[in-house]
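The values are calculated or read from the model by the stated rules, or taken from the named source; none is laboratory data. No experiment lies behind these values; they were computed from the predicted model shown. So basically every Cβ, Gly included, is an ideal-geometry build from the backbone, and we count neighbours across all protein chains shown. Note: areas computed on protein heavy atoms with side chains; ligands, DNA, RNA excluded. Shrake-Rupley method; radii C 1.70, N 1.55, O 1.52, S 1.80 Å.
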Amino acid sequence: MKEMDSLRSTFVVTGLAVGGIAALAALGGYVRREIQRRGYPSWEACRCDFKYKQNIYQVWFSRHERRGETVVAEERGIYLVNPALWLRRLLHSSAQVLAILNPRSRYLERVVLSPQEARQFAVLLRTGNGEDQDSAPEQETGQIVWRREILHVPRYLFDTYIRRLYPTPVSQEQIERNPYDPSLPALWDPHTDLPLPTEGALLQTPNGTRVDYIGWTPSQISYCTARLKSGGEILSI
């Protein structure tokens with residue numbers, strides 16, 4: 001009787017192990033197919049921070065919101081100083097896997113607002129804050145420039161990164177001395193209907209490129225999860 005129970009237990013454990021291995025193999029195959037279908041860059045072709053930056057800030061959570069006419073992103077995460085190559089490659093691969101398995105399927109889109117659209121967006125933020133439209137920036141001056149600014153840089157292992165994006169009027173004299181580009185290139189979050197105050201290689205991707213979230217918040221993105229051109233078409237779905 002004991003031998004039968006032992007044999008039955010062996011069969012159960014073996015069955016669970018085989019089932020687990022089969023499930024992992026199927027999941028691994030699905031992830032590889034999705035990476036290829038979405039057009040995520042390989043490690044060799046990627047321009048992510050994991051490859052090029054000496055120090056890496058890995059976002060775990062972020063808050064992305066409008067404060068008046070300013071868009072602010074407050075990020076919390078871990079500051080890695082000169083991590084080893086194996087860890088960099090692991091972060092690259094993990095970013096793609098997490099983006100594929102992310103059940104909310106949220107993303108950012110690379111956009112460029114024309115000068116007129118950029119002015120209208122500034123007016124929308126100003127009037128949405130309860131201010132008179134007549135005092136909107138483009139009524140004060142002929143041109144608006146959107147600026148990005150870093151308010152807090154991480155210095156410790158666990159620290160915050162705070163950035164902001166805001167419009168500012170430019171006088172005619174300033175324009176004559178130093179011409180400004182009044183358009184607004186940005187990564188747009190359709191969920192909050194706001195741009196992200198982010199700089200870097202992602203702003204150099206083609207207009208219309210979709211960048212998938214790695215986690216739950218819009219700052220958890222990377223060049224690793226940009227759906228780049230495949231066969232001459234930009235993957236956006």
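Odds and ends about this structure:
- A simple spin-label model places the labels of TRP216 and LEU124 2.8 nm from each other, with each point 7 Å out along Cα-to-Cβ.
- Region 33-110 versus region 200-230: alpha-carbon centroid distance in Å: 8
- LEU101 versus ARG37: modelled label distance in nm, points set 7 Å from Cα along the beta carbon direction: 1.8
- Shape metrics for region 168-228, restricted to C-alpha atoms - Rg then Dmax, Å: 14.9, 45
- Karplus-derived 3J(HN,Hα) values for region 68-84, using 6.51 cos²θ - 1.76 cosθ + 1.60 with θ = phi - 60°, are x, 9, 10, 9, 10, 10, 10, 10, 10, x, 10, 9, 9, 9, 6, x, 5 Hz; glycine and proline are entered as x.
- Carbon plus sulfur fraction of accessible area for region 46-196, probe 1.4 Å, in percent: 48
- Take the Cα of HIS191, step 7 Å toward its Cβ, do the same at TYR52, and the gap between the two points is 2.7 nm.
- Kirkwood Rh and Cα Rg combined as Rg/Rh, region 31-73: 1.15
- Residue list for region 151-167, given a label point 7 angstrom along the Cα-to-Cβ vector of GLU117 and an amide N cut-off under 20 Å: 165-167
- By the equivalent-ellipsoid construction on the alpha carbon gyration tensor, region 54-121 comes out with semi-axes of 30, 16, 13 Å, ordered largest to smallest.
- Amide H contacts under 5 Å for TYR213, placed H, 5+ residues apart: ARG106, TYR107, LEU108
- Each peptide among 213-221, 191-199, 40-48 gets the average number of other Cβ atoms lying within 10 Å of its residues, and from highest to lowest they stand as 213-221, 191-199, 40-48.
- From phi via Karplus (6.51, -1.76, 1.60), per-residue ³J(HN,Hα) for region 87-95 in Hz, x at Gly/Pro: 6, 4, 5, 5, 5, 4, 5, 5, 4
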